[in-house]
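Notes follow the structure.
The values are calculated or read from the model by the stated rules, or taken from the named source; none is laboratory data. Please read these numbers as outputs of a predicted model, since none were measured by experiment. Positions of Cβ are generated from backbone atoms using ideal geometry, with glycine treated the same way; all protein chains shown enter the neighbour counts. Remember, those area values only see protein heavy atoms, side chains included, never the ligands or the DNA or RNA. Shrake-Rupley method; radii C 1.70, N 1.55, O 1.52, S 1.80 Å.
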Amino acid sequence: MTTNEQIARRRTFAIISHPDAGKTTLTEKFLLYGGAIQSAGSVKGKASDKHAVSDWMDIEKQRGISITSSAMQFEYEGFCINILDTPGHQDFSEDTYRTLMAADSAVMVIDAAKGIEPQTRKLFKVCAMRGIPIFTFINKLDREARDPFDLIDELEKEFGIGTYPMNWPIGCGRDFKGVYDREKRRILAFDEFHAGRKRIESIDVELDDTARLDELIGERARTELCEQVELLDAASFDFDIDKVQNGKLSPVFFGSALNNFGVEAFLEQFLKLTTPPRSHKVGERELSPFDDGFSAFVFKIQANMNKMHRDRIAFMRICSGKFERGKEYFHVRQGKNIKLSQPQQLMAQEREMISEAYAGDIIGVFDPGIFSIGDTVCDASMKIEFDGIPTFAPEHFAEVEQTDSMKRKQFQKGMEQIAEEGAIQIFFMPGRGMERVVVGVVGMLQYEVLEHRMKTEYNVGYRQTPLRYQLIRYIGEGSPDPSTLRLSRDTLWVKDVKGNDLLLFESEFDIRWALENNKTLSLYEFNK
């Protein structure tokens, strides 16, 4: 198979949702169909239950939520699929945002009883900003659900895009009979006996075949279905593949991920409708995935994925060409050639060494401490640089102080390595040593993750004290030496892991006071 043929069969997508909508469960069923796993795990359950493959951290298994994004690759029906399972909880939105930068399309999972929830709304905006295709899977139809027309209407009004239901539910909860495939004009019948755990054969039936429909789903459900499909055909948006692939029209599917109902039909349709790897912006031009020359960017760094080796992995999205193991590539930020050590195909925590990979693939490489989020790696002849990945400004701050002086090195190593991953910000206070640091997070739950990881991965405990700072600013070039600045009592000077100087403020008043009393001081926000 040629390089272009390999690239053309890649499909790389992220799965997004509000917590508990069924995102990780849907991911597991995709892996099951691809033969990547033998049985799907539960996201929540007893300690003895099998846990979801994508939730590999101990704290994820304990809490029953996704805390870090996972990359998984598998083959299905001639496609090579790269799934990015993202955290749904808003406290980990930065990890999700970065992961979406590596995806070509998104599958949005919505709870049929709850409809659009706050985190779903935020994640959709990120997808819309990038113009990537968005596919909607309305989940949990085997439970009591809202009216499907209301759900469709909410999607259109909230997100400002068209929708096209690819199938239509027949009842819900105890009265859930299955779904009607609008394109193939056939019914996928739901049977509580097997609960969808084995492959379900569709039943071809015309809507005007009253006797057959009554036999399958009952007269009441048949009457309601016929009326709804007629209304749908008359009032819904027309299907337009160009609008789908440009994020202007979202195909909608109904089903039940937990019961494995409608998942395979969704996967098959999705793979036909979504795009191969998309182009990426390099300055003013678009770099095609089919262009000659390997290029990739780092969108995630994760330490200690393997407890036995205590290593650190840089996740890379390949944007063009073919990766070959053992070949030297150019690290743009460092300005030197490197070899990408221990290249791996990922299945959440599990890994397999690879010799080659193609545009669209997500690979992991060993990071000896040379990579940062957003780094570009490419053929030496290209020397391109992809647009950077913005960093979210922390919203909560706390002082963290080690409690065991004998573990100073472990404390320092843990704080530095976790800070380099990018999701949790670590700041050092000049002149106060490494025993006390300031931790900044987007969401409070990240403090629990930090405490758990420091204890289990670095065997270090600490004392944490909340701080009242709410705002953070970088000190710009040409500003006075930070040690000479006139600052209010409610302002703190810190440094990040890269050596940048920053100021923490309790209020906007403190920012104005600092600028007024230090005439040559310049400040700028994150993401600028």
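Applying the condition of being in contact with an Asp or Glu (Cβ under 8 Å, 6 or more places away or on another chain) and charged (D, E, K, R) to segment 504-528 and asking which residue is surrounded by the fewest Cβ atoms within 10 Å (Cβ to Cβ) yields Glu506. Within segment 291-326, being assigned to a loop (DSSP other than H, G, I, E, B), over 30 Å from Val449 (Cα atoms) and either of a type in the set (S, T, N, Q) or modelled with pLDDT of 95 or more (or both) holds for Phe294, Gly321. As a summary of the residue check, Gly41 satisfies the conditions (1) open to solvent by less than 20 Å² (accessible area, probe 1.4 Å); (2) at pLDDT 80 or above except for the one numbered (2).
Counting just the residues of segment 1-38 that are assigned to a strand (DSSP E or B) and aliphatic (A, V, I, L, M), which one comes out modelled with the lowest pLDDT? Across segment 1-38, the extreme among qualifying residues is Ile16.
If only one of Val437, Val449 is open to solvent by less than 30 Å² (accessible area, probe 1.4 Å), closer than 15 Å to Pro394 by Cβ and assigned to a strand (DSSP E or B), which one is it? Just one listed residue meets the conditions, Val437. Within segment 397-410, being touching a strand residue (DSSP E or B) at 6+ places or on another chain (Cβ under 8 Å) and either basic (Lys, Arg) or at pLDDT 90 or above (or both) holds for Phe397, Ala398, Glu399, Val400, Glu401, Arg408. For segment 383-412, a residue qualifies if it is farther than 27 Å from Phe315 by Cα, touching a helix residue (DSSP H, G or I) at 6+ places or on another chain (Cβ under 7 Å) and outside any strand (DSSP E or B), but none of them does. Any residue at all in segment 385-395 that is under 24 Å from Ser341 (Cα atoms) and of a type in the set (A, V, I, L, M, F, W, C)? Yes, segment 385-395 has at least one match.
Among residues of segment 475-492 that are touching a residue at least 40 places away in the same chain (Cβ under 8 Å) and among the hydrophobic types (A, V, I, L, M, F, W, C), those with a Cβ under 8 angstrom from a residue that is in a helix (DSSP H, G or I) and surrounded by 14 or more Cβ atoms within 10 Å (Cβ to Cβ), sequence gap 6+ or separate chain, pair up as Ile475/Pro482. All of (1) surrounded by fewer than 20 Cβ atoms within 10 Å (Cβ to Cβ); (2) among the hydrophobic types (A, V, I, L, M, F, W, C); (3) farther than 30 Å from Phe323 by Cβ; (4) out of contact with any strand residue (DSSP E or B) (no Cβ under 8 Å at 6 or more places or on another chain) hold for Met444 with one exception: (4).
Run down Met454, Met429 and say which single residue is aliphatic (A, V, I, L, M) and more than 14 Å from Leu502 (Cβ to Cβ).
Details: Met429 fails: more than 14 Å from Leu502 (Cβ to Cβ).
Exactly one residue qualifies, and that residue is Met454.
For segment 485-501, residues that are in contact with a strand residue (DSSP E or B) (Cβ under 9 Å, 6 or more places away or on another chain) and under 17 Å from Lys519 (Cβ atoms) total 4.
Only residues that are of a type in the set (A, V, I, L, M), outside any loop (DSSP other than H, G, I, E, B) and in contact with a helix residue (DSSP H, G or I) (Cβ under 6 Å, 6 or more places away or on another chain): list them for segment 245-266, please.
As a first pass, look at segment 245-266 and keep what is of a type in the set (A, V, I, L, M): 249, 252, 257-258, 263, 265.
Next cut, outside any loop (DSSP other than H, G, I, E, B) only: 249, 252, 263, 265.
Leu249, Val263, listed by residue number.
Within segment 416-427, being touching a Leu at 6+ places or on another chain (Cβ under 9 Å) and either in a helix (DSSP H, G or I) or open to solvent by 50 Å² or more (accessible area, probe 1.4 Å) (or both) holds for one residue alone: Ile418.
Hey, among the residues in segment 471-484 that are touching a strand residue (DSSP E or B) at 6+ places or on another chain (Cβ under 7 Å) and not aromatic (Phe, Trp, Tyr), which one's farthest from Gln412 (Cα to Cα)?
Within segment 471-484, the first condition is being touching a strand residue (DSSP E or B) at 6+ places or on another chain (Cβ under 7 Å), and the residues that meet it are 471-476, 482.
From what is left, the residues that are not aromatic (Phe, Trp, Tyr) are 471-473, 475-476, 482.
Values: Leu471: 25, Ile472: 23, Arg473: 24, Ile475: 24, Gly476: 27, Pro482: 24 Å.
The extreme case among them is Gly476.
Scanning segment 94-137 for residues that are more than 21 Å from Arg317 (Cβ to Cβ), open to solvent by 10 Å² or more (accessible area, probe 1.4 Å) and small (Gly, Ala, Ser) returns a single hit, Ala113.
Screening Asp490, Asp501 for residues that are within 30 Å of Ala314 (Cα to Cα) and open to solvent by 20 Å² or more (accessible area, probe 1.4 Å) leaves exactly one candidate, Asp501.
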